[in-house]
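The values are calculated or read from the model by the stated rules, or taken from the named source; none is laboratory data. The structure displayed is predicted, hence computed values, not measured ones. In this analysis, Cβ positions are derived from the backbone assuming ideal geometry, glycine residues included, and neighbour counts consider all displayed protein chains. Only protein heavy atoms, including side chains, enter the accessible area calculation; ligands, DNA and RNA are left aside. Shrake-Rupley method; radii C 1.70, N 1.55, O 1.52, S 1.80 Å.
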Amino acid sequence: MKIFDAHCDVLYKLFMNPDLNFGNSKELQVNLERLTTSKTNVQFFAIYVPESVHPDLKFQAALRMVDLFYEKVLSPYPQMKLVKSNEDIRELGENEIGAMLTLEGCDAIGQDLLKLRTLLRLGVRAVGLTWNYGNYVADGALEERGAGLSRFGKQVIKVLNETNTACDVSHLSERGFWDVIETSRHMFASHSNCHSLCPHPRNLRNDQIKALIERDSVMGITFVPEFLSGTKQAVIDDVLRHLEYVCSLGGENHVGFGSDFDGIEFTVNKLAGNDQYENLWNVLQKYYSDIQVEKFLFSNMAKRLPWGNGRTQ
């Protein structure tokens with residue numbers, strides 16, 4: 001069993017509580033011990049700067065999270081390997097875990113492309129344009145205005161295209177999503193579910209899911225109960241409902257998982273941390289072939305994300 005998880009918020013937790021230990025702190029839903037238990041092959045680590053941070057300090061906070069990634073996640077643990085490209089992922093050893101930096105929301109860069117390029121040069125390989133609300137780039141899914149990309153936002157997309165960086169449409173407004181479809185070379189949804197099954201603003205509508213499929217992209221089903229069932233409670237069968245729905249739209253080769261572990265307070269029953277991926281695997285095995293399960297858990301993400309050699313311009 002190989003696992004590719006497209007979203008977690010460990011860096012946010014480490015930022016908020018420096019006493020936590022990535023190795024084995026039980027307060028972390030993703031830590032080295034849990035990753036090893038689940039035999040995760042690739043884990044994305046998001047840089048999410050909370051709204052409580054003053055705008056003038058957001059970039060500094062993002063740099064602090066980059067430092068935590070290198071000093072607290074990678075440096076002490078030789079089995080944790082920085083990955084920036086498909087080639088890096090393919091070259092991982094049997095007991096190695098690939099760790100990739102992502103940016104969740106461009107609030108940290110303000111209106112400064114130099115800050116964006118700096119984060120890319122520090123290892124960020126996927127960029128979500130917004131969190132839930134608006135910034136200088138675009139509006140988020142919960143912003144009442146519902147605007148799309150700004151003029152600056154289109155410049156951000158140009159940089160992402162030039163550097164072969166994936167644009168993450170999770171959290172983006174609906175209009176912003178369609179602007180990205182028109183302008184981005186490489187887009188995906190790291191952690192989103194199906195609006196038809198659970199009408200939350202963070203979930204994707206049928207035409208959005210079909211657009212990702214038509215672009216040969218991928219979406220990660222997330223384990224946020226509110227996005228699965230509309231309540232604070234969910235079970236693994238709820239995860240399967242959303243997975244199967246994407247498949248029914250033609251997405252068997254375009255769906256994976258982005259847990260949102262450490263970004264959630266309430267969890268799916270028997271799926272409360274990365275070490276419990278085996279419970280999901282066991283249920284998937286009841287309904288899908290080994291080939292399909294492998295695609296959902298690993299290769300759909302690994303094959304459909306765009307990175308070449310990881311170089312940034």
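Identify all residues within the range 96-131 that are in contact with a Lys or Arg (Cβ under 9 Å, 6 or more places away or on another chain), open to solvent by 10 Å² or more (accessible area, probe 1.4 Å) and more than 16 Å from Ile157 (Cα to Cα); write none if there are none.
Glu96
Based on this model, can you work out whether Tyr288 counts as without any contact (Cβ under 8 Å) to a residue 24 or more places away in the chain, open to solvent by less than 40 Å² (accessible area, probe 1.4 Å) and not charged (D, E, K, R)? Reasoning before the result, please.
Working: without any contact (Cβ under 8 Å) to a residue 24 or more places away in the chain: yes; open to solvent by less than 40 Å² (accessible area, probe 1.4 Å): yes; not charged (D, E, K, R): yes.
The answer is yes for Tyr288.
Those residues that are closer than 12 Å to Leu14 by Cβ and either open to solvent by 20 Å² or more (accessible area, probe 1.4 Å) or in a helix (DSSP H, G or I) (or both), I need them from the range 37-60; list them, please.
Tyr48
Residues that are β-branched (Val, Ile, Thr) and touching a residue at least 60 places away in the same chain (Cβ under 8 Å): find the helices (runs of 4 or more DSSP H) completely inside the range 153-252 holding 3 or more of those. Quick ask: steps written out before the conclusion?
Numbers: elements: 174-183, 206-214, 225-228, 236-248.
Correct list: empty, since no element meets the threshold.
Which one is most open to solvent (accessible area, probe 1.4 Å), of the residues in the range 73-95 that are assigned to a loop (DSSP other than H, G, I, E, B) and of a type in the set (A, V, I, L, M, F, W, C)?
Leu92
If you go through the range 61-72 one residue at a time, how many are farther than 27 Å from Ser299 by Cα and either open to solvent by less than 10 Å² (accessible area, probe 1.4 Å) or part of a loop (DSSP other than H, G, I, E, B) (or both)? Reasoning before the result, please.
Step one: list which residues in the range 61-72 are farther than 27 Å from Ser299 by Cα, which gives 61-65, 67-68, 71-72.
Right, trim to either open to solvent by less than 10 Å² (accessible area, probe 1.4 Å) or part of a loop (DSSP other than H, G, I, E, B) (or both) and you get 61-62, 65, 68.
Here the count works out to 4.
Could you please give the count of residues in the range 157-180 that are at positive phi and either open to solvent by less than 20 Å² (accessible area, probe 1.4 Å) or in contact with a strand residue (DSSP E or B) (Cβ under 8 Å, 6 or more places away or on another chain) (or both)?
As a first pass, look at the range 157-180 and keep what is at positive phi: 164, 171.
Narrowing further to those that are either open to solvent by less than 20 Å² (accessible area, probe 1.4 Å) or in contact with a strand residue (DSSP E or B) (Cβ under 8 Å, 6 or more places away or on another chain) (or both): 171.
The number of residues fulfilling the criteria is 1.
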